[in-house]
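Trainee: Sharing a structure below in structure tokens format, with a few things to ask.
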Protein chains: 2
Amino acid sequence: MALIVQKFGGSSLATAEKIKKVAARVVAVKRQNHQVVVVVSAMGKTTDNLIALARQVHHQPPGRELDLLLATGEMVSVALMSMAIEELGEEAEGFPGYFAGIKTDSVHTKARIMKIDPARIRKELEAGKIVVVAGFQGLGPENIITTLGRGGSDLTAIALAASLKADLCEIYTDVPGVFTADPHRIPGARLIRCLAYEEMLEMASTGAKVMQSRAVEFAKKYQVVFSVKSTFEEGEGTMVKEIEVQEGAVVSSVSVDENQAKISVFRVPDRPGIAAKLFQALGSENINVDMIVQNVGRDNHADISFTVNLTDLEKALSLTREVAGCLGAERVSADDDIAKVSIIGIGMMNHPGVAGRMFQALARAGVNIEMISTSEIKISCVVRRADAQKSLEAAHREFIEKN
Amino acid sequence: MALIVQKFGGSSLATAEKIKKVAARVVAVKRQNHQVVVVVSAMGKTTDNLIALARQVHHQPPGRELDLLLATGEMVSVALMSMAIEELGEEAEGFPGYFAGIKTDSVHTKARIMKIDPARIRKELEAGKIVVVAGFQGLGPENIITTLGRGGSDLTAIALAASLKADLCEIYTDVPGVFTADPHRIPGARLIRCLAYEEMLEMASTGAKVMQSRAVEFAKKYQVVFSVKSTFEEGEGTMVKEIEVQEGAVVSSVSVDENQAKISVFRVPDRPGIAAKLFQALGSENINVDMIVQNVGRDNHADISFTVNLTDLEKALSLTREVAGCLGAERVSADDDIAKVSIIGIGMMNHPGVAGRMFQALARAGVNIEMISTSEIKISCVVRRADAQKSLEAAHREFIEKN
């Protein structure tokens, strides 16, 4: 008998029909004599619809009320999933996240899990019930309902798996697992059998958003092995766990992010602290800066380029113009016609020369590289957006298909 | 400064636009230096839609999960109403019913309020906030979410008004108040300014369903004076309170219920306990029997007729046939072509002869009366459904328009 945590995302629960199919899958596992905890997201586009509704009554919906509103989405899924399980003859016990022992801090819309008390869940499991828990939500101080941020249901599942010392944690989604590249763009993309936590983390920042980073970080911290697999198709999916560098593929995946824009500040007088001033200003407005390149130039002036999410461009640009003015910069420009191509692999760590191969592959494809950023297990290049597809193909050919 | 509880029903909150209008109304009252507690129902047809969804995954949705599901409806309203109030510059604090101190028993889908702890609400009111509470729901033992049954939001409002010792309790709805008859059927129907609890209670059983009976019973028990008025129209509405018999109108309202059916059992051998056997059997299947007429007949045989809700007819009929067989009855018949016309008035108590006037009025209108049932303050007559409208008109003319 194993204890299994299974998480189902909104697309797997979009209709009553789908909920019934998922329930049948859950019941089948239970009847193999396992204990099952099911973590559910809100049905389909529920969360987006609720946010739209909130925006109709408030120009910037306050966090406390937004959490109360959004938490209803997963509650509906919990209730329906529990019913569907009971219709199949098994006993179910459904919990909103805030009654399932998930205690968080009080930061609305992106609360952190502080503590999980799994006693109630354990009790129900031992009574032979299938436990259904609302993902994405918890209970903050003074009985306030909190939510864990976009994709927070993954975090709920991983955190419950950790606190229950589950034998398996399965993240069910609408794709068969994690691929070496987006199969819609690269027909030769392959399912990755096994991925390191670090690789999964880097992927979240490269446009291949399979899972919320915080969930993967949590899994890494508590060494929760989990798999990502398809709800309605058979298959083992991708297992994510601790991988020793020597076991890993040099490059495990290739991805592209076309939701980035580049801002450049030209000829800033090169004094200590200029970058700090600029990026602190952006940070205080919650603008996420991804790549940063600064070349200290001629005659004590520097050029600084950085990328931000396309949605933040306008706000970032006006802030940058303001700060650049104070710093005495010559000019600020923006470019929203870029794409970021990335390769990720834990094996890079002991394979020098990967960067060189990447640049050469792009060069051979006739792609000009505009910015470069590297980490221990990732190399990202900014290219023209028109070059995105051929860059992706070139990188996939070089690092995946050749192996 | 007064403490005012205002309850808004689903039709008053059906869209974001309506929620904003209600919020403006609430804020205006707050700015007249009052403390305001707002009790909200689920938006529009939300509850019906959720029940339909539940029926898609379970042939008979279990109460515990159904409560969890339905409770989301009012939570959405609470969140949106709080946001809309804050958008107008006032502070709001929204609570699901189960965090607002409303403790119930564990009877799902029709829980009873056991205790209200208004400390948290009081604290927020004293901090100058508008408190928004989800109607219809409470917290049962062991942190289970319960609901109070159809129309339970009225009960929440009345119960909160009682426990907070509110100065005013206002039940807002989509009509301007309680009328002497349905204005759609009787154009001369008038708004009733003042109604006794008992009259309001009797109305709930006569087809003029303005409010849940339990809410009115609760108000009567705790002497909560409340008014029923329109959300979007001006007007004082109808005040419901304790009324001395001598103050009341002889007949305050006239109504018709066309959702009844009649079952008759002919020639039951007249032994003690036959009625008990029959109505216990119906009661154990939760079939609500309204009027009962038994005439102990010739040669130790009796005929029994009774009415049930049209929706229960089939079930009631098959149960009755079963029991009638055991009792040795000659025949069972059903009639779904009836209507029940009622007059209600606390003043009847010390005005003898009202029944006689009623029967005469119907006779003058050429209506044949098939069954009669009376209480201290109500007279109901079963007539052919085709006669419903002229019966209603005759009774309204006789008792209301003449005065």
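Trainee: So the check is Cβ under 6 Å with 6+ separation or different chains; which pairs have a first residue in the range B:180-197 that's more than 20 Å from B:Gly248 (Cα to Cα) and a second one that's part of a loop (DSSP other than H, G, I, E, B)?
Mentor: Here the result reads B:Pro183/B:Ala189, each pair linking the range B:180-197 to a residue that is part of a loop (DSSP other than H, G, I, E, B).
Trainee: For the range A:72-86, how many residues are of a type in the set (Gly, Ala, Ser), closer than 16 Å to B:Thr46 by Cβ and at the interface with another protein chain (Cβ under 7 Å from one of its Cβ atoms)?
Mentor: Here the count works out to 1.
Trainee: So, one more: Can you find even one residue in the range A:37-46 that is of a type in the set (S, T, N, Q), closer than 27 Å to A:Pro141 by Cβ and touching a strand residue (DSSP E or B) at 6+ places or on another chain (Cβ under 9 Å)?
Mentor: yes
Trainee: Does A:Leu3 qualify as being touching a strand residue (DSSP E or B) at 6+ places or on another chain (Cβ under 6 Å), of a type in the set (A, V, I, L, M, F, W, C) and surrounded by fewer than 22 Cβ atoms within 10 Å (Cβ to Cβ)?
Mentor: Considered against the rule, which asks whether it is touching a strand residue (DSSP E or B) at 6+ places or on another chain (Cβ under 6 Å), of a type in the set (A, V, I, L, M, F, W, C) and surrounded by fewer than 22 Cβ atoms within 10 Å (Cβ to Cβ), A:Leu3 comes out as yes.
Trainee: Condition check: within 22 Å of B:Ala159 (Cα to Cα), of a type in the set (D, E, K, R) and away from chain A (no Cβ under 14 Å). Does B:Lys30 satisfy that?
Mentor: yes
Trainee: From the set of residues in the range A:126-135 that are away from chain B (no Cβ under 14 Å) and touching an Asp or Glu at 6+ places or on another chain (Cβ under 9 Å), which is surrounded by the most Cβ atoms within 10 Å (Cβ to Cβ)?
Mentor: If we take residues in the range A:126-135 being away from chain B (no Cβ under 14 Å) and touching an Asp or Glu at 6+ places or on another chain (Cβ under 9 Å), then A:Gly135 is surrounded by the most Cβ atoms within 10 Å (Cβ to Cβ).
Trainee: With (1) in contact (Cβ under 8 Å) with a residue 40 or more places away in the chain; (2) assigned to a helix (DSSP H, G or I); (3) on the phi > 0 side of the Ramachandran plot as the list, and A:Ser82 as the residue in question, which single condition is left unmet?
Mentor: Here A:Ser82 clears every test but (3).
Trainee: Might you check whether a residue that is closer than 25 Å to A:Ala162 by Cα, of a type outside the set (Gly, Ala, Ser), assigned to a helix (DSSP H, G or I) and in contact with a strand residue (DSSP E or B) (Cβ under 6 Å, 6 or more places away or on another chain) occurs anywhere in the range A:57-68?
Mentor: Within the range A:57-68, one or more residues are closer than 25 Å to A:Ala162 by Cα, of a type outside the set (Gly, Ala, Ser), assigned to a helix (DSSP H, G or I) and in contact with a strand residue (DSSP E or B) (Cβ under 6 Å, 6 or more places away or on another chain).
Trainee: Turning to a different aspect of this structure: Specify the residue that is farthest from B:Met75 (Cα to Cα); the eligible residues are those in the range B:1-41 that are of a type in the set (S, T, N, Q) and touching a Leu at 6+ places or on another chain (Cβ under 8 Å).
Mentor: Going through the qualifying residues, I end up with B:Gln35.
Trainee: Here's another thing I want to ask about it. Suppose we keep only residues that are in a helix (DSSP H, G or I) and out of contact with any helix residue (DSSP H, G or I) (no Cβ under 6 Å at 6 or more places or on another chain) within the range B:88-101. Which one would you say is nearest to the other protein chains (Cβ to nearest Cβ)?
Mentor: Within the range B:88-101, the match that is nearest to the other protein chains (Cβ to nearest Cβ) is B:Tyr98.
Trainee: Let me ask something additional. Kindly check whether there is at least one residue in the range B:75-97 that is modelled with pLDDT under 95, of a type in the set (A, V, I, L, M) and touching a Gly at 6+ places or on another chain (Cβ under 9 Å).
Mentor: no
Trainee: For the range B:42-70, what are the residues that are within 20 Å of the chain's Cα centre (by Cα) and either at positive phi or facing chain A (nearest Cβ under 7 Å) (or both)?
Mentor: Hit for the range B:42-70 is B:Gly44, nothing else.
Trainee: Determine, yes or no, whether B:Ile263 is hydrophobic (A, V, I, L, M, F, W, C), closer than 30 Å to B:Gly345 by Cβ and in a loop (DSSP other than H, G, I, E, B).
Mentor: no
Trainee: Being crowded, with 16+ Cβ neighbours inside 10 Å, assigned to a loop (DSSP other than H, G, I, E, B) and modelled with pLDDT of 90 or more is the filter here; which residues of the range A:244-258 pass it?
Mentor: A:Val251, A:Ser252
Trainee: So the check is Cβ under 6 Å with 6+ separation or different chains; which pairs have a first residue in the range A:305-334 that's in contact (Cβ under 8 Å) with a residue 40 or more places away in the chain and a second one that's among the hydroxyl-bearing types (Ser, Thr, Tyr)?
Mentor: The qualifying pairs are A:Ser305/A:Ser264; A:Val332/A:Thr320; A:Ser333/A:Ser264.
Trainee: Mind counting the residues in the range B:91-113 that are surrounded by fewer than 19 Cβ atoms within 10 Å (Cβ to Cβ) and over 26 Å from B:Gly140 (Cβ atoms)?
Mentor: 1
Trainee: If you check A:Asp67 against the conditions, is it of a type outside the set (A, V, I, L, M) and surrounded by fewer than 18 Cβ atoms within 10 Å (Cβ to Cβ)?
Mentor: No: the conditions fail for A:Asp67.
Trainee: Does A:Glu236 qualify as being surrounded by fewer than 20 Cβ atoms within 10 Å (Cβ to Cβ), under 19 Å from A:Glu376 (Cβ atoms) and without any contact (Cβ under 8 Å) to a residue 60 or more places away in the chain?
Mentor: So A:Glu236 fails the test.
Trainee: Can I ask one more? Quick check on A:Arg271: is it more than 27 Å from A:Val210 (Cα to Cα), in a strand (DSSP E or B) and over 18 Å from the mean Cα position of the chain (by Cα)?
Mentor: No.
Trainee: Hey, among the residues in the range A:102-117 that are more than 20 Å from B:Met75 (Cα to Cα) and in contact with a helix residue (DSSP H, G or I) (Cβ under 6 Å, 6 or more places away or on another chain), which one's farthest from the other protein chains (Cβ to nearest Cβ)?
Mentor: A:Ile113
Trainee: Something else: Exactly one of (1) more than 10 Å from chain A (Cβ to nearest Cβ); (2) under 25 Å from A:Asp67 (Cβ atoms); (3) more than 24 Å from the chain's Cα centre (by Cα) is unmet by B:Val39. Its number?
Mentor: Status for B:Val39: all satisfied but (3).
Trainee: Ok, one more. I'd like to verify a number: residues in the range A:240-258 that are under 20 Å from the mean Cα position of the chain (by Cα) and aliphatic (A, V, I, L, M), how many?
Mentor: Residues flagged as under 20 Å from the mean Cα position of the chain (by Cα) and aliphatic (A, V, I, L, M) within the range A:240-258 amount to 5.
The values are calculated or read from the model by the stated rules, or taken from the named source; none is laboratory data. Quick caveat, the model's predicted, so the values are computed rather than measured. As a convention, Cβ positions derive from the backbone with ideal geometry for all residues, glycine included, and neighbour counts pool all protein chains shown.
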